[in-house]
Amino acid sequence: MNITVVGTGYVGLVTGVAFANMGNNVTCVDIDENKVTMLERGQVPIYEPGLESLFEQARRQETIDFTTELAPAAASADVIFLALPTPPGEDGSADLSYILGVAGEVGPYLNGYTVIVDKSTVPVGTADKVRAALEASGVVAGEDFDVVSNPEFLREGVAVDDFMKPERVVIGTNNQRAAAVMQKLYEPFVRGGNPIIVMDERSAEMTKYAANAFLATKITFINEVANLCERAGANIDQVRRGIGTDSRIGNQFLYPGLGYGGSCFPKDVRALLKTASEFDYDFRILDSVVEVNGEQHLELMSKVTERFGEDLAGRHFGLWGLAFKANTDDVRESPAHRVIDFLLERGATVAAYDPEARETTYRVFGDRIEYVDFLPDAANQADALIVATEWSHFRRPTWPVIARRMRGDVVFDGRNLYTEDELNAAGLDYFSVGRPSVGTVDAVRQEAA
Ligand SMILES: NC(=O)c1ccc[n+]([C@@H]2O[C@H](COP(=O)([O-])OP(=O)(O)OC[C@H]3O[C@@H](n4cnc5c(N)ncnc54)[C@H](O)[C@@H]3O)[C@@H](O)[C@H]2O)c1
């Protein structure tokens, strides 16, 4: 099949590369000339495990190419995926201008029956708007094209695996011809028996928001339980195990921390709230999720100010992790960035390490923080170390060595990667999220004496 993917970001590039590796002819279109030039040269502009080798394979098979020119790519396509940004507008609603703009542009070039697929996360009713934009652009309605909603559930960091072996594929259309095209396209990805679920467009659009809002709520719920555990003398590690073994609850997304971030959960929760308000529905639980999540990092930061006072001028912090989660370079709405803002606003200086998200962070903070190339270097002369991302190579540092590099003696762990015992053994005080703290090393020693 001839496939055109418009937008080659995290979703579009993975989609294009995956379909190309199933033998389809894929053309990826982007307005970003630098990106297209990089891709044409064989360079992958984002960090996503496994993507580079799959990308290479597709290039060797000559099943993928890249262009900035939409018209010829639209004319040759049987299926056009719109994998464009849907950033939040000022009122929280999803900004559909990219999607509707491109829909209006491709219309006149469609050549034979074409399926236009909304791959982006878009609110209920968007498929109708895309259809209207295409019709307004001069295409004949009916025979020539159909619009399908096909939300994407991949997770950054495991995007390739998620796309190649999806737990389910959701296809939103009432049109059998379009559904058949989509099913044919996705069958190679679900050979293990996972379902392709065909439903109406509006339900498909809602499914994506419901999924993300539910997961954001689950994270926020466990964060609140963790905050309460601390106050009540319970341990979130035990509670998490205690509830996660219940199959009705499940053990994923039950890790407390600094709050959710990334390019999806924050904007999608806000967009669903906006949709609710458009239908005069007060989605109260999601209002709370937004509010609680916006303040979750303050739970750990209050321990910082308890230790050092509100004025952090002259204090220097090492920061481990900048990405919003491990295995990505994405820093959009990253809790690590909220931590940096908190520290800089109070006059502190920050030296940060992240294996992939240095460049993306530099675009936000520039030279306002220092960047180091090696994990231990972030600890140099630090009054305190803060852990903000759960990269696997953060898990077993040699604490005595880290402690010697620091001028202070305290670690604030926003990801619960360590235990108080191991840190105390290296002479470091340790604070994490939702776990009982014996207190400072001095207190531990006094108790033992
Ligand atoms: N990132 C994720 O984990 C994820 C997961 C599921 C769904 N989604 C959804 O998928 C959509 C895309 O997200 P993303 O993270 O891939 O975005 P992104 O910002 O990484 O990529 C978007 C791409 O579109 C390009 N673009 C913008 N305007 C264009 C135009 N007129 N013509 C051609 N290209 C254009 C940009 O240059 C960019 O390369 C969003 O709706 C998002 O909510 C994202």
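Throughout, read-outs are computed from the coordinates displayed, never taken from laboratory work. Bear in mind the structure is a predicted one, so any value in this text is a computation, not a measurement. Every residue, glycine as well, gets a Cβ built from its backbone with ideal geometry; the counts of neighbours run over all protein chains shown.
Key figures
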read-out: Fewest-first ranking of F145, F279, using other Cβ atoms within 10 Å as the exposure measure; value: F279, F145
read-out: Alpha carbon centroid spacing (whole Å) that separates region 73-117 from region 283-351; value: 36
read-out: For region 295-448, alpha-carbon Rg and Dmax in angstrom; value: 14.5, 49
read-out: For region 2-199, alpha-carbon Rg and Dmax in angstrom; value: 15.7, 45
read-out: Estimated 222 nm signal from helices in the chain, with DSSP H stretches of n ≥ 4 weighted -39500 (n - 2.57), rounded to 500; value: -13000 deg cm²/dmol
read-out: Extended-chain gain in nm, criterion 0.36 nm per residue less alpha-carbon gap, T419 and N111; value: 104.7 nm
read-out: Net charge, D95 excluded, C-beta distance under 12 Å - Lys, Arg +1, Asp, Glu -1; value: +1
read-out: Straight-distance crosslink candidates among lysines, where the alpha carbon sits under 23 Å from K274 and sequence neighbours closer than 8 are dropped; value: K119, K129, K208, K218
read-out: Ascending count of other beta-carbon atoms within 10 Å, so fewest first, for I219, I249; value: I249, I219
read-out: Charge dipole (debye, nearest 20) of the chain; +1 at Cβ of Lys and Arg, -1 at Cβ of Asp and Glu; value: 980
read-out: Contact order normalised by residue count of the chain, Cα under 8 Å, 6+ apart, percent; value: 12
read-out: The chain, Rg to Rh (Cα coordinates; Rh as Kirkwood inverse mean 1/r); value: 1.02
